[in-house]
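Shown next, in structure tokens, is the structure this report addresses.
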Amino acid sequence: MSKITLRDLKVKGQRVLVRVDFNVPTEERDGQIAITDDTRIRESLPTINYLREQGAKVILMAHFGRPKGKPVEKYSLRPVADYLHTLIDHPVAFSTDTVGKIPEEIISHMNEGDVTLLENVRFHPGEEANDPAFSEALAKLGDLYVNDAFGAAHRAHASTAGITKFVQQSAMGFLMEKEIKYLSGELAKPDKPFVVILGGSKVSDKIGVIKALMEKADAILIGGAMANTFWKAQGVPIGASRVEADKLDLAREIVELAKEKGVRFLLPVDAVEADKIEAGATARNTSRVTETHGIREGWQAVDIGHATVSLYQDEIAGAKTILWNGPVGIFEIPAFAEGTIAIAEALARSDATTIIGGGDSVTAVKQAVLADKMTFISTGGGASLELIEGKELPGIAALSDR
Ligand code: ADP
Ligand code: 3PG
Ligand code: MG
């Protein structure tokens, strides 16, 4: 690998700024924010523990949700600091601001092996703008920089990329190293048939990757909100379903390209439609979706339907390599989780190499207690797709060359 890693740094006594991906799924329980899946936090422990053992002062930076450049209480990282404390059995200081006097004061009192978590970097507009002044303010808090946030490595933001201009050395952490090794190794030449399942809600992030995946995949199965955009592009009525209206041309282009390349490109043939997105909503399985018959007016597609599940199960059963990114329904609501669970079970049954990517997809697999049946679980959603696509990830490119 052309970039230096954590092992190349002399960290004893140094203030090491570590970018982690603590963008974990949460839910509100009795007015408190509870973490529903801690995979991303646990996966950063090898890096955090190594640095502590080596006598570094560990300063963690992370984003949480999309607060759009200003403080939003529900996106505070404080609950994550408390949670991390229970995992490492050492206090985790929490800095209520990301840069400036508050963190400077806390960090000046740190001893070797101590850990501080800074408040959400996205509370500042300079983070997503990759503003050099904000990058410099972050860099000022430490001596060395480590990027272990694989899940955010496709973002060219201040804490993932810009900061490297203002520190002496920037290295990849152990999680970053592990993810890159596996995803660029195993998936460079996947055993065929190679089947990709794409769903979730971040359509504009993920739709572009489909073109690149066509070069490798034998079949691409679409679910989640992604399906609505393709349906809409083909004139299928989608009611009030979530859709990305500016991607319709791209969606049509992708369908044409699949025909040219002979890639089986499958859209759901039915759906679960609901009158609202909440537990207790009225939901029902639609009949076959056609150009004239889709989702009822005012209703939303919330899951793939039974006919789609069996169609996709057949594809999965014949595959040698399967990549799954993005839940096929709003699985957080149990009534809309059937399709996602059925896909997870089909992958668990398969003898193929199974690779799961994305914070929410991984959560779904863990909730179904099937994680140990999968070959590789990636902490990256969009990041893993872009890596597989062969794109250079800004969070990796910015690190110091070996
Ligand atoms: P990942 O985290 O696995 O990369 P995304 O973040 O792209 O996946 O998307 C996950 C989200 O997609 C989930 O919170 C889920 O509720 C949502 N989702 C799935 N299907 C639909 C749908 N039909 N309509 C709206 N949202 C959906
Ligand atoms: C993710 O959850 O996929 C990563 O943490 C990146 O989050 P983002 O899509 O809000 O940049
Ligand atoms: Mg997600």
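The values are calculated or read from the model by the stated rules, or taken from the named source; none is laboratory data. Keep in mind it's a predicted model, so treat the numbers as computed, not measured. Positions of Cβ are generated from backbone atoms using ideal geometry, with glycine treated the same way; all protein chains shown enter the neighbour counts. Calculation scope for accessible area: heavy atoms of the full protein, side chains included, ligands and nucleic acids excluded. Shrake-Rupley method; radii C 1.70, N 1.55, O 1.52, S 1.80 Å.
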Could you please let me know if GLY31 is modelled with pLDDT under 95 and either in contact with a Leu (Cβ under 6 Å, 6 or more places away or on another chain) or over 24 Å from SER170 (Cα atoms) (or both)?
yes
Exactly one condition in (1) under 24 Å from ILE330 (Cβ atoms); (2) open to solvent by 40 Å² or more (accessible area, probe 1.4 Å); (3) over 23 Å from the mean Cα position of the chain (by Cα) is not met by ASP218; state its number.
(1)
Taking the range 133-156 as the region of interest, how many residues are closer than 21 Å to ASP401 by Cβ and more than 16 Å from ligand 1 (Cβ to nearest atom)?
10
Only one of these conditions is not met by LEU257: (1) in contact (Cβ under 8 Å) with a residue 40 or more places away in the chain; (2) under 26 Å from the mean Cα position of the chain (by Cα); (3) closer than 29 Å to ARG155 by Cα. Which number is it?
(2)
Spans of strands (runs of 3 or more DSSP E) in the range 1-61 with at least 3 residues surrounded by 20 or more Cβ atoms within 10 Å (Cβ to Cβ) and at positive phi:
none
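Residue check: is GLY113 over 30 Å from ARG29 (Cβ atoms) and over 26 Å from the mean Cα position of the chain (by Cα)?
On the way: over 30 Å from ARG29 (Cβ atoms): yes; over 26 Å from the mean Cα position of the chain (by Cα): yes.
Yes: the conditions hold for GLY113.
Let me confirm something: among VAL24, VAL20, which residue is within 16 Å of ligand 1 (Cβ to nearest atom) and either of a type in the set (Gly, Ala, Ser) or within 19 Å of the chain's Cα centre (by Cα) (or both)?
Working: VAL20 fails: within 16 Å of ligand 1 (Cβ to nearest atom).
Matching residue, one of VAL24, VAL20: VAL24.
Condition check ((1) in contact with a helix residue (DSSP H, G or I) (Cβ under 6 Å, 6 or more places away or on another chain); (2) more than 23 Å from GLU53 (Cβ to Cβ)) across all residues:
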position: ARG78; (1), (2): no, yes
position: ASP82; (1), (2): no, no
position: HIS85; (1), (2): no, no
position: HIS90; (1), (2): no, no
position: PHE94; (1), (2): yes, no
position: ILE102; (1), (2): no, yes
position: ASN111; (1), (2): no, no
position: GLU119; (1), (2): no, yes
position: ARG122; (1), (2): no, yes
Kindly indicate whether any position in the range 110-120 is surrounded by fewer than 24 Cβ atoms within 10 Å (Cβ to Cβ), more than 16 Å from VAL18 (Cα to Cα) and not β-branched (Val, Ile, Thr).
yes
Inspect the range 343-360 for any residue being within 14 Å of ligand 1 (Cβ to nearest atom), closer than 26 Å to SER204 by Cβ, open to solvent by 10 Å² or more (accessible area, probe 1.4 Å) and within 19 Å of the chain's Cα centre (by Cα) and give the result as yes or no.
yes
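Pick from ALA188, ALA171, ALA158, ALA152: which is open to solvent by 30 Å² or more (accessible area, probe 1.4 Å) and of a type in the set (Gly, Ala, Ser)? Give the derivation first.
Numbers: ALA171 fails: open to solvent by 30 Å² or more (accessible area, probe 1.4 Å); ALA158 fails: open to solvent by 30 Å² or more (accessible area, probe 1.4 Å); ALA152 fails: open to solvent by 30 Å² or more (accessible area, probe 1.4 Å).
Within the list ALA188, ALA171, ALA158, ALA152, the selection yields ALA188.
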Inside the range 265-307, the number of residues satisfying the requirement of being farther than 14 Å from PHE230 by Cβ and open to solvent by 80 Å² or more (accessible area, probe 1.4 Å) is 8
So which residues in the range 239-256 are open to solvent by less than 30 Å² (accessible area, probe 1.4 Å) and either within 13 Å of LYS206 (Cα to Cα) or near ligand 1 (Cβ under 10 Å from one of its atoms) (or both), if there are any at all?
SER241, ALA251, ILE254
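Please pick out the residue among VAL236, VAL243 that is more than 24 Å from the chain's Cα centre (by Cα), without any contact (Cβ under 8 Å) to a residue 60 or more places away in the chain and in a loop (DSSP other than H, G, I, E, B). Don't jump to the end; show me each part of the working.
Details: VAL243 fails: more than 24 Å from the chain's Cα centre (by Cα).
Matching residue, one of VAL236, VAL243: VAL236.
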Suppose the filter is crowded, with 24+ Cβ neighbours inside 10 Å, closer than 27 Å to ALA34 by Cβ and away from ligand 3 (no atom under 16 Å from the Cβ); does GLY380 pass it?
no
List the helices (runs of 4 or more DSSP H) that sit entirely inside the range 305-402 and contain at least 3 residues that are closer than 17 Å to PHE150 by Cβ.
359-367, 382-389, 394-397
